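Inspection log for the structure reproduced underneath, given as structure tokens.
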């Protein structure tokens, strides 16, 4: 059995913003912008920051506090992934190849950068998880027809242009797709995962797995620095059992 930690959501390196964390520990997960130049034919099936309603009842662009940034981002298409409607996640990146190694019953746990208004720095928080039903790497364009039966709500599958881009780019080594069970969920509240500390040769404090969370997740084989786009796979049976018990108890 395995558990994997994966960072998602907008951040300073992709979108130039950090999702908001509220005083009661609830949050809004804001998705990253999609850079692909979609054809006009497909534009009606896409969301922008000014048309996607968050779970707090606000359109996502309302959270951008800098007016210049808000103006820049308002009409940008958002990449809605992970998909908590159908419990799917897709990722073409070659460094996410191990996603396809997840098996039924494994956990894919999502974390994101979140920030309270009163805080100067952001931290990383657990925001949701999938209990895995299925995970695959797609390398054949002909597979899309069958995939639409199970992954119809996933951004990479429902938009044919994106599917074509991700599957045909050889460096990707396939489009990694993950399907979660009905036990999967986006948490109501966020759970702090990191603390700011100097790490190895880095001169400034960075987000590393906190000591309290290391008691649950272990030391990630020494890779406790959780930078952007990081995937951490955990396979020690005792640690995985402890992680699952902890995750199952979160709201």
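Bear in mind these aren't lab numbers, they're just calculated from the coordinates by the rules spelled out. The structure presented is a predicted model; accordingly, all values stated were derived computationally and were not measured. Counting neighbours? That spans all protein chains shown, and the Cβs are built from the backbone with ideal geometry, glycine included.
The table below lists the values:
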{"read-out": "Ranked list, fewest to most other Cβ atoms within 10 Å of each Cβ, for 234, 136", "value": "136, 234"}
{"read-out": "Residue exposure sequence - 19, 45 - by fewest surrounding Cβ within 10 Å", "value": "45, 19"}
{"read-out": "Footprinting exposure proxy for 168, 239 (fewest neighbouring C-beta atoms within 10 Å first)", "value": "168, 239"}
{"read-out": "Highest-first arrangement of 146-154, 83-91, where packing means the average Cβ count within 10 Å", "value": "83-91, 146-154"}
